[in-house]
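Colleague: Dropping the structure in here first, questions after.
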Amino acid sequence: MATSDNELFRVEELERLIVHHQNLYYNAQPEISDEEFDSLWQELEDLDPDNSLLRRVGPDNAQGWGKARHLIPMGSQSKASDPEEFRAWAQKSALPFFLVQYKMDGASLEIQYEAGVFLKAVTRGDGTIGDDISRNVLSMKGVVVKIPDGFSGGVRGEVLMSRETHRLKYPEKANCRNAANGLMKRKDGTGSEDLEFICYDARGLCTDTGKSPFDDEISKLEWLRRAGFTVVRTEVLQGIDAVVEYRGKVMAQRPTLPFDIDGLVVKSPQIDEEDLEKPRPEKQIAFKFNPEEAVTILKEIVWNESGALYTPIGIVAPVKLAGTTVQRANLCNPDMIRQMNLKLGSKVVITKRGEIIPKIEVLVENGPDVKDIPQPSLCRRCATTLVDEGSRLFCPNELCPNKELHRIEKWISILEIRDFGAALVRKLHAQGLVKSISDLYLLEQKDLLGLERMGETLSLKLLHNLRKKNEIDMADYIAAFDIDNVGPLVARKLVDGGLDTLEALFNADTERLVAINGIGEIMAITIQNGLKAIRPEMEKVLAKGYVRLRRAISKSPLAGKKICFTGELNGMSRAEASALARKGGGVVKNSVTTDLDYLVTDDSSTGSSKNKKAKELGIPILTGPEFLAIARSES
Ligand SMILES: [Zn+2]
């Protein structure tokens, strides 16, 4: 029941939206996807369950049917709503082959057989007990009355209404699923002949053999087909990528399919009875479509310049995605284009998923007219040959004007120096007045007054704003120099990891950098090279006093400490302890060496070689609790 004014307002809005989109849908010009429509419907149901709009087109009243118990357990299914979630499940499942089926969007039904003869048909109900709607089911298409092998058991499938039937005969129903749900439960049985049963599962035994007539999913489907059923579209695919790609293809075909589907069901080709008994079987998942995905055509690539980096942006045929029209999609780097085999003209799936710019997720297909994607080979600013590292395409020239300009812009943005807009900075850079960060601080009023549309007041204000920002955090300082791979987040990690002075930062070797959580070896090398190149400028800006560093407020006592764990650790796993040490900026070592700062163990009395060696070298030995106390303290 809608209670507050806000809710009442929203209910009225939802009513208007639903009527509006229903009309469009029946005039074959839908503006929103089925999922989006369903979510409006669901929201109205939640806010105002008694709303007359719901009654008018919602499921018909199903009271008065007898109840019956299911033979096949109907638990809930795990769900993945995007490739990332699916990959996580698939990796865990470790299945080499996947059975992939259309997930039909209808009403679930179990038909029960006794010695090969139709006994009854039961709706989903609460998953254990449903309505016995046998009478209506017998007039549906695809329902078989007599099946072979004297089979006793259940056949599971979906009751569906085709899109064609929905359009022609039941346009007043919200969608095919609602229509099927309502019709199959009608007491007078009218309309059941417009419904169809498509099945995907069976479980039971043959009378003569006492055994199941099939032993895996494929033979099960073959048996169902032989028995006369319509079986859901099924593929067996090898590998995770194949499933993600197949899903893209199905998404593209979806508008032309005769029935609504809302995703794929992916499962093991083997039957695992034990798994099926679980409330949520682990060897299957519903890989659903979602409203933040769409299929479109990649028309063009624009290589966006930002500092030294050249980033490919895909221009796609305009498409609706979660209510907004999308024309650009991020492609991240050249590797992504190659790995997905993208071409100009490729049909692709793009997804949004909370990102600001949608991303091209997977290739659907390359038609015969596709063309290779051109990639720039020279820097547009300095004509240096670009370096294609796969994960990034960039101009390697440290003196490239693009890089200079980007660094100055970065400095101004991180220090939040006001009134230095992008246009002004570009002008200063183009005229050669400011080519580095320290140049900024050499600006005089007369330099500024020489610029177009620059008055006395503004020039003074600019210089004032610049000099006012004269104290800065170490992390901001590092980030403001626009070093490759070092954004504000990484800069913060470096400082928190103990590299909180310029000296510590410049002296950090690869191992020291890798010890910081989230920094890998390749990244560490890039950071080192970047630091080396910019070091004179970083030192100059401080030495000349253009800005000074704010004193670090706190520092982890483990920062930079070399620590080795051995033996028992009371109440803490070795992995947990190592993670804690790294988090505090410590370096975890596997052996006891002269430069080790701490050996941590709870049984220092044992004569283990590490214990012995640490004692010999005079290295402090800490117990687990002592280590914890240090790790959690702040000096
Ligand atoms: Zn360049």
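Every number here is computed from the coordinates shown, using simple stated rules; none is lab data. Quantities reported herein were computed from a predicted structural model and do not represent experimental measurements. Cβ coordinates were reconstructed from backbone atoms using ideal geometry, including for glycine residues, and neighbour counts include every protein chain displayed.
Colleague: For the pair GLU172/LYS612, report the inter-label distance in nm, with labels modelled 7 Å from Cα in the Cβ direction.
Modeller: Taking the two extended label points, one gets 9.1 nm.
Colleague: Further, regarding this structure: State the antiparallel share, in %, of DSSP beta bridges confined to the stretch 175-334, rounding to the nearest 5.
Modeller: Of all bridge pairs located within the stretch 175-334, approximately 90 percent are antiparallel.
Colleague: What is the diffusion coefficient of the stretch 293-365 in µm²/s, taking the Kirkwood radius over Cα pairs and the Stokes-Einstein relation at 10 °C with a viscosity of 1.306 mPa s?
Modeller: 131 µm²/s
Colleague: Could I get the Rg over Rh figure for the chain? Both from C-alpha atoms, Rh via Kirkwood, rounded to two places.
Modeller: Rg divided by Rh gives 1.08.
Colleague: Taking 0.36 nm per residue of sequence separation and subtracting the Cα-Cα distance, how much length would be gained by fully extending the chain between GLU13 and LEU47, in nm to one decimal?
Modeller: Contour length minus the Cα-Cα distance gives 11.1 nm.
Colleague: Please compute the modelled spin-label separation between ASN517 and GLU365, points set 7 Å along Cα→Cβ, answer in nm with one decimal.
Modeller: With each label placed 7 Å out from Cα toward Cβ, I get 4.7 nm.
Colleague: Need the full-extension length gain, ALA575 to ARG353, defined as separation in residues times 0.36 nm minus the C-alpha distance. One decimal, nm.
Modeller: 76.7 nm
Colleague: Sorting check: for 197-204, 257-264, 163-170, which peptide has the highest mean count of neighbouring beta carbons within 10 Å, and how do the rest follow?
Modeller: Per-residue Cβ counts within 10 Å, averaged per peptide and sorted highest first, yield 197-204, 257-264, 163-170.
Colleague: Going by average Cβ neighbours within 10 Å, how do the peptides 445-458, 521-534, 175-188 rank, with the highest at the top?
Modeller: Going by the mean number of other Cβ atoms within 10 Å, highest first, we get 175-188, 521-534, 445-458.
Colleague: Quickly estimate the mean residue ellipticity at 222 nm for the chain, helices only: each DSSP H run with n ≥ 4 gives -39500 (n - 2.57), and the total goes over all residues, rounded to 500.
Modeller: It comes out at -10500 deg cm²/dmol, rounded to the nearest 500.
Colleague: Next question, about the same structure. How many nm separate the modelled label positions at SER605 and VAL236, each set 7 Å beyond the Cα in the direction of the Cβ?
Modeller: A separation of 6.1 nm, rounded to one decimal place.
Colleague: Round to a whole angstrom and tell me the spacing of the C-alpha centers of the stretch 509-524 and the stretch 583-608.
Modeller: A separation of 20 Å, based on Cα centres.
Colleague: Taking the 0 to 90 degree range and rounding to the nearest ten, how far is the long axis of helix 574-583 tilted relative to the main principal axis of the chain, both from C-alpha atoms?
Modeller: The helix 574-583 is inclined about 50 degrees to the chain.
Colleague: Another question, if that's okay. Quick one: P(r) of the stretch 44-154 from all Cα-Cα pairs, 5 Å bins, percents rounded to integers, in order of increasing distance.
Modeller: Bins of 5 Å from zero give 2, 9, 13, 15, 15, 15, 12, 11, 6, 1, 0 percent of pairs.
Colleague: What pairs from LYS410/LYS469; LYS299/LYS343; LYS562/LYS615; LYS103/LYS267; LYS403/LYS461; LYS92/LYS278 go past 20 Å between their alpha carbons?
Modeller: Violating the 20 Å Cα-Cα cut-off are LYS403/LYS461.
Colleague: Same structure, new question: On a full-extension model of 0.36 nm per residue, what is the gain between THR207 and ARG426, subtracting their alpha-carbon distance, rounded to one decimal in nm?
Modeller: Full-extension gain reported as 70.4 nm.
Colleague: For the stretch 401-469, compute Rh as the Kirkwood radius over C-alpha pairs and then the Stokes-Einstein diffusion coefficient at 20 °C and 1.002 mPa s; write the answer in µm²/s, rounded to an integer.
Modeller: 179 µm²/s
Colleague: Sticking with this one: Give me a comma-separated list of calculated 3J(HN,Hα) values for the stretch 185-202, in order, Karplus coefficients 6.51, -1.76, 1.60 applied at θ = phi - 60°, integers in Hz, x for any Gly or Pro.
Modeller: So the Karplus estimates, Gly and Pro as x, are 9, 5, 5, 7, x, 5, x, 4, 5, 8, 9, 9, 10, 10, 10, 9, 8, 7 Hz.
Colleague: Continuing with this model, one more query. Take every Cα-Cα distance within the stretch 211-255, group them into 10 Å bins from 0 onward, and report for each bin the whole-number percent of pairs it holds.
Modeller: 23, 37, 31, 9, 0
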